[in-house]
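> After the structure tokens below, expect a handful of questions from me.
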Amino acid sequence: MNKQNLIDVLHQKIEEKIKNLENLIAETRASNNDTKSSMGDKYETGREMLQQQINNLQVQLNAVFQQREYLKGISLNPLQKVEKGALVSTEKGLFFISVSLGEIMLDTQKIMSISLESPLAKAMQGKSANESFVLNGINHTILTVE
């Protein structure tokens, strides 16, 4: 499995998220401007709710920017232990320790992109191929680490 291809797919997903969030922010700002008519104080609450929505979207956008920066720091070198940038194969599936973007498809293979802070990554962290770990009372074995 080529890590560079995997990272490219993740960058593409992140860029899509950024565009979607920027569009939502722009649309919400336009809605907020539309309510600034002379209708009076009746719409102040609605404007405040729209502003809160814009703030929430901005927080989400900043988190996606952080994910993009985090991806830039991932090494393409093969790894021996589960850590940031590791591609880990278990009997339950294939996991890329990077950013939390969920399931992605690459070369007809399903890979879960998980963050180092996820319970699964924490349970695997520091382990090598053929080592076991327990998560939610279930024993798992690491087949390979790249």
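> For the chain, take N as its residue count and report Rg(C-alpha) divided by 2.2 N^0.38 Å. Write down the numbers at each step before the final one.
Working: Rg = 20.6 Å, N = 146, 2.2 N^0.38 = 14.6 Å.
Compared with the compact-globule rule of thumb, the chain sits at 1.41.
> Using DSSP to call loops (not H, G, I, E or B), can you name the GluC sites (Glu not before Pro) in the stretch 59-119 whose Cβ has at most 16 other Cβ atoms within 10 angstrom?
On the way: sites: 69, 83, 91, 103, 117; in loops: 83, 91, 117.
When the GluC sites (Glu not before Pro) of the stretch 59-119 are filtered for loop state and at most 16 Cβ neighbours within 10 Å, 91, 117 remain.
> Using all C-alpha to C-alpha distances in the stretch 87-145, build P(r) with 5 Å bins and read off the rounded percent in each one.
4, 20, 31, 27, 14, 3, 0
> Just to confirm the number: angle between the C-alpha axis of helix 44-72 and the first principal axis of the chain, 0 to 90 degrees, nearest 10?
30
> Based on alpha-carbon centroids, what's the gap between the stretch 57-80 and the stretch 1-18 in Å, whole number please?
Computed from Cα coordinates, the inter-centre distance equals 10 Å.
> Follow-up. Run through the DSSP bridge list for the chain and note the antiparallel percent, rounded to the nearest 5. Working shown, then result.
Working: 17 of 22 bridges.
In the chain, DSSP labels about 75 percent of beta bridges as antiparallel.
> I need the phi-derived Karplus couplings for the stretch 16-22: 6.51 cos²θ - 1.76 cosθ + 1.60, θ = phi - 60°, integer Hz, Gly and Pro marked x.
With coefficients 6.51, -1.76 and 1.60, one gets 5, 4, 4, 4, 4, 5, 5 Hz.
Readers should treat all values here as calculations from the given coordinates under stated rules, not as data from a laboratory. Quick caveat: nothing in here was measured; it's all calculated off a predicted structure. All Cβ positions, glycine included, derive from the backbone under ideal geometry; neighbour counts span all protein chains shown.
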